[in-house]
1. Please report the Cα spread of the stretch 71-177 along all three principal axes, rounded to whole Å, starting with the longest.
2. Quick one: accessible surface of ILE120, probe radius 1.4 Å, all protein chains present, in square angstrom to the nearest 10.
3. As a test of reading the structure, rank SER131, SER56, SER83 by solvent-accessible area (1.4 Å probe, protein chains only), most first.
4. Considering only Cα-Cα distances, which of the following residue pairs are longer than 20 Å: LYS140/LYS163; LYS119/LYS163; LYS119/LYS142; LYS97/LYS140; LYS97/LYS163; LYS55/LYS151?
5. Per residue, how much accessible surface does the stretch 76-175 expose to a 1.4 Å probe? Answer in Å², no decimals.
6. Each residue of the stretch 25-30 in order: what ³J(HN,Hα) in whole Hz does its phi give by Karplus 6.51 cos²θ - 1.76 cosθ + 1.60, θ = phi - 60°, with x for Gly and Pro?
Amino acid sequence: MAKDIQYRQGFTLIELLVVILLVSLVYFFGLSGVEKMSTKPQPLTPLNLKSTLLKSDTASKRMTFMCLNKCQTCYLKRQTDGSFEMYDNGIDLADTKAYTLNSGNDLAAVEYGRYQDDKICLLIDFYPNGSSTQLILKQKDKAYFLPAFFKEPTETKTIEEAKEIWLENSRLLSDNGDFY
């Protein structure tokens, strides 16, 4: 009696699916985490300045953010008695000018003085409760209102528009007492 001998040539469909599943799991658990860790933080801009610094690991403490050299070099002081350390992540604040409103609600350029013989162009304090220094920042053809509380920074075309947002924000805060 002659038996037919059959040789197995190739893989079954189930074996191929198991291999694909295993390779997918290894990629999902192993390599996907490597990609996320290698992404660099976005450079600081007036729109993400507050949120980025408040999300940092020392957000539960008072911080001071300072920029020099036409806002091309920035430093961060993480505690009230600490020293300034170079801010290592990217910065997109070049040629930023800071403004505030004086007692007559007129725009006034902020003069911070000097730090180690360099002119300070920006100085913002951040507090553990999530508040910060309220400012209007001007860059080239845009202006930004950075509120002290609650709202996100707002981009405008002119500093006058940013001033109006500041005044409206102040009115909203002062009207809160009308409900009591």
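1. Sorted from largest, the Cα extents of the stretch 71-177 read 40, 32, 26 Å.
2. 20 Å²
3. SER83, SER56, SER131
4. Cα-Cα > 20 Å for LYS119/LYS163; LYS119/LYS142; rest within.
5. Accessible area per residue, the stretch 76-175: 59 Å².
6. Coupling constants for the stretch 25-30: 5, 4, 5, 4, 7, x Hz.
The values are calculated or read from the model by the stated rules, or taken from the named source; none is laboratory data. What you see is a predicted model; the values in this text were computed from it and never measured. Note: accessible area is taken over every heavy atom of the protein model, side chains too, but ligands, DNA and RNA are not part of it. Shrake-Rupley method; radii C 1.70, N 1.55, O 1.52, S 1.80 Å.
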